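Step one of this worksheet: look at the structure below.
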Amino acid sequence: MEADSLAPWLLAVKLALYTSALLAAGLALHASLGVVERDDHARALRSAALLAGAAIVFAALRLAVANVQLGGSIESIFDKAILAWTWPTLAPSSIAITAGALAMVGASVWRLVWLSVPAAVALAAGFALTGHSQALETPGLAPWAVALHVLIAAFWIAAPISLWPRSALSNEALETRTQRFTRFALLAVPLLFIAGGWLALRLAGSTEALVSSAYGQLLLVKLAAASVALALGGYNKQIVTRKLRETPDQGRRALSVTLSVDVLLFGSALVLVGIATTFTGPPTG
Ligand code: HEM
């Protein structure tokens with residue numbers, strides 16, 4: 001079985017891992033930071049625990065695909081000699097994701113909201129403990145920048161779930177949630193862009209390499225998608241929140257439209273970074 005014929009499978013598994021791990025961490029942050037009100041903490045943590053559990057399965061599938069890529073056949077999945085090569089590379093990330101998921105389940109079962117914070121950090125660290133930042137000659141701050149970047153991305157991309165204007169959520173509760181989310185996002189999202197931009201330059205090596213390489217171009221399109229989502233966030237803050245207060249029905253409709261567009265933009269950002277880290281890589285030399 002040719003290694004590259006497995007690349008689409010690896011991409012699919014990574015996208016499932018991104019989605020489950022980041023939404024789990026994001027919902028946990030929304031509960032622990034008070035974006036979601038206390039009455040709804042149990043529901044948010046239960047969803048986070050289920051998603052985090054799914055992340056363990058996708059982390060295991062990621063290892064399985066790596067084994068088949070290296071061993072050349074399905075039988076290689078459990079081949080000890082192959083695992084001796086793949087496990088050392090993926091172990092730190094897989095262990096961080098598993099530890100984060102178990103802590104998230106604990107946070108949900110024992111209703112310990114504070115425990116969901118280290119759980120979310122461990123899930124984000126799972127992406128910093130493997131991948132291109134670890135492959136740098138001197139990784140330095142790069143893995144930390146990936147962890148911070150992914151943690152904030154998690155907080156951001158879970159917004160369509162926590163802020164969705166579902167009928168059980170009163171206009172007051174919805175307005176409070178959007179205001180509280182916006183307050184944190186104003187501080188955090190610029191940091192995501194700074195960490196992402198710095199990482200892009202650090203990994204690509206130069207602005208020239210960023211603009212001319214397939215890897216760099218994919219990240220620039222990702223930057224464009226994230227910038228549109230940022231502008232939409234500004235529209236939500238300025239216009240939609242006011243509409244929610246003054247004409248709630250219109251405000252709810254506007255919010256469901258902007259959040260639906262956000263889902264497409266966040267999905268595009270994940271697909272773009274998935275393709276950049278699976279089919280391409282930072283230009284060498
Ligand atoms: C909605 C916005 C964004 C989301 C959801 C997001 C998500 C992610 C995720 C999940 C990763 C980890 C990928 C992996 O380790 O396999 C990542 C890495 C990265 N992101 Fe973002 N990101 C966003 C915005 C940005 C922006 C604005 C930039 C700036 C150019 C950026 C640049 C990067 C870079 C350079 C990496 C490292 C890629 C590598 O390891 O080769 N991201 N992002």
Inset, instruction - Among the residues of the stretch 43-71, count how many are more than 30 Å from residue 169 (Cα to Cα) and of a type in the set (A, V, I, L, M, F, W, C). - result: 12
Legend entry - Residue match in the stretch 122-135 (condition: of a type in the set (A, V, I, L, M) and closer than 30 Å to residue 257 by Cα): yes
Inset, instruction - Considering each residue of the stretch 68-98, count those that are under 30 Å from residue 50 (Cα atoms), surrounded by fewer than 18 Cβ atoms within 10 Å (Cβ to Cβ) and of a type in the set (Gly, Ala, Ser), and give that number. - result: 1
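Conditions (1) under 20 Å from residue 22 (Cβ atoms); (2) outside the structural domain of residue 225 (by TED's automatic domain parsing); (3) within 16 Å of the ligand (Cβ to nearest atom); (4) of a type in the set (A, V, I, L, M, F, W, C), marked per residue:
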position: 156; (1), (2), (3), (4): yes, no, yes, yes
position: 163; (1), (2), (3), (4): yes, no, yes, yes
position: 171; (1), (2), (3), (4): no, no, no, no
position: 179; (1), (2), (3), (4): no, no, no, no
position: 189; (1), (2), (3), (4): yes, no, yes, yes
position: 194; (1), (2), (3), (4): yes, no, yes, yes
position: 199; (1), (2), (3), (4): yes, no, yes, yes
position: 202; (1), (2), (3), (4): no, no, yes, no
position: 205; (1), (2), (3), (4): no, no, yes, no
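The values are calculated or read from the model by the stated rules, or taken from the named source; none is laboratory data. This structure is a prediction, so every number in the text was calculated from the model and none was measured. Cβ sites come from the backbone with ideal geometry, for glycine too, and all protein chains shown count toward neighbours.
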